[in-house]
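Novice: Here you go, one structure.
Just so you know, all these numbers are worked out from the coordinates, no wet-lab data involved. Quick caveat, the model's predicted, so the values are computed rather than measured. For neighbour counting, all protein chains shown are included, and Cβ atoms are generated from backbone atoms with ideal geometry for every residue, glycine included.
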Ligand code: PHE
């Protein structure tokens, strides 16, 4: 093995890959972002569209990214460069790498908040709260301290960087394997508590009984962005992770398991949030702070609330960590592969970039004006980053990846990659139809729609 190959690394096993990819997918996207975006966009109607997009767009794009990654064994830029040297397709990879840093910058801010909340809960800050409004006041005070938000951002990027510097197999797999199942069990317990609160049924209705009249171009765009964000698609994270999978593994069943676990966790998070939210008379459209207000309100009404509260925020931080690892891994693998940088150097520089870009996001939620309410858009800097990198960039990236696979590289080549070593791909005609027609057309229509209606954010 050359030193460069050693620097790339590979997965220990198929199960190891699924756990790591699910670790990338499952994170704040499911538990922080999904409920608040669903709450702002009509509840159950959003959930319905979200699930349709996960199946018809997310799954085929995930299969495609994994196939590109495994075929080329490269980072997103290098993958397109290897397949069509010097063509414009490299820039799809380039956009992905930049998007990775952009998402990491605000994602690590929220991840830092979860760490901060872990300590706050242990300290007993929530033991005497009696209403949702009190929990909301605590969150407002928490975000109003810029030094705290920045320190937590630094802490989170530092932990991510240390693990990514440690290499793929050893670092990522070990962590995800043990902790993700515990998160799942804790969420089930919380969902049961939330659903059995007095007044919870209105929340269930809001979350599960679709009101089709609430669907509009904005809801479609947000559901698309959320599906891609939650599945880590459209920026090459799955190209990068796919580059570490063995030829013998079945990409389709691997992708399907990741999609399945990710969706279950998101749905479960909604079952935790909405019943409690309505029981406490909070506003479902309350925005990015929702999880930090609703969860502590539930713990206050549980025996052993401190234990559960501390547990869930710690595991949330870990779930976020397995996602930030993949966000950082994308630009790092680019510099390791293409620029032949040592892994450590790439980690240091990319972490610094994410930190600098993350600074305005870190202080934006608590700022009394300026960054918390930008001129023109009317909302905060973190929300703007979230919309640009977390929604639009991923949607454009996925559109281009679908066009690339369906028309440029060719569906036949992708299918051949999937069927390597005798693996059967039964739904290859369905996949071909989805990737050539459904994905690009649906994403393009949504874009035209929001441009025409001006419903950007
Ligand atoms: N999917 C992750 C989450 O839901 C976030 C993420 C997006 C990670 C894009 C990698 C790439 O938390």
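Novice: Which value at 222 nm does the chain reach when only helices count, each DSSP H run of 4 or more adding -39,500 (n - 2.57), with the total divided by all residues and rounded to the nearest 500 deg cm²/dmol?
Specialist: After summing the helix terms and dividing by residue count, I get -22500 deg cm²/dmol.
Novice: Related question: Using the Cα gyration tensor of the stretch 235-316, with a ≥ b ≥ c the square roots of its eigenvalues, what is the shape: rounded (a/c below 1.5), prolate (a/b larger than b/c) or oblate (neither)? Before the final figure, lay out the partial values.
Specialist: Details: a/c = 2.95, a/b = 2.37, b/c = 1.25.
It comes out prolate by the Cα gyration axes.
Novice: Expressed as an acute angle from 0 to 90° and rounded to the nearest 10, what is the orientation of the C-alpha long axis of helix 439-453 relative to the principal long axis of the chain?
Specialist: Approximately 50 degrees, to the nearest ten.
Novice: Mind checking the angle between helix 394-403 and the chain's longest principal axis? C-alpha axes, 0 to 90 degrees, to the nearest 10.
Specialist: Approximately 30 degrees, to the nearest 10.
Novice: Then there's this: What ranking of 438, 332, 54 emerges when the number of other C-beta atoms within 10 Å of each C-beta is taken as an exposure proxy, fewest first?
Specialist: Starting with the residue having the fewest Cβ neighbours, the order is 438, 54, 332.
Novice: For a test of the definition: using alpha carbon positions, the gyration tensor, and the 1.5 limit on a/c, classify the stretch 262-367 as rounded, prolate or oblate.
Specialist: prolate
Novice: Which of 125, 283 comes first, and how do the rest follow, when ranked by fewest Cβ neighbours within 10 Å? Intermediate values should be presented prior to the final figure.
Specialist: Numbers: 125 18, 283 14.
Exposure proxy ranking, most exposed first: 283, 125.
Novice: Can you tell me how the chain classifies by the Cα gyration tensor, rounded, prolate or oblate, using a/c under 1.5 as the rounded cut? Don't skip to the end; give the middle numbers.
Specialist: Working: a/c = 1.62, a/b = 1.39, b/c = 1.16.
Cα axes put the chain in the prolate bin.
Novice: In degrees between 0 and 90, to the nearest 10, how far off the longest principal axis of the chain does helix 59-72 point, with axes built from Cα atoms?
Specialist: The helix 59-72 is inclined about 50 degrees to the chain.
Novice: So for each of 231-241, 99-109 I average, over its residues, the number of other beta carbons within 10 Å; can you give me the resulting order with the highest mean first?
Specialist: 231-241, 99-109
Novice: Cut-off is 10 Å between beta-carbons; in what order do 257, 128, 364 appear when sorted fewest neighbours first?
Specialist: 128, 257, 364
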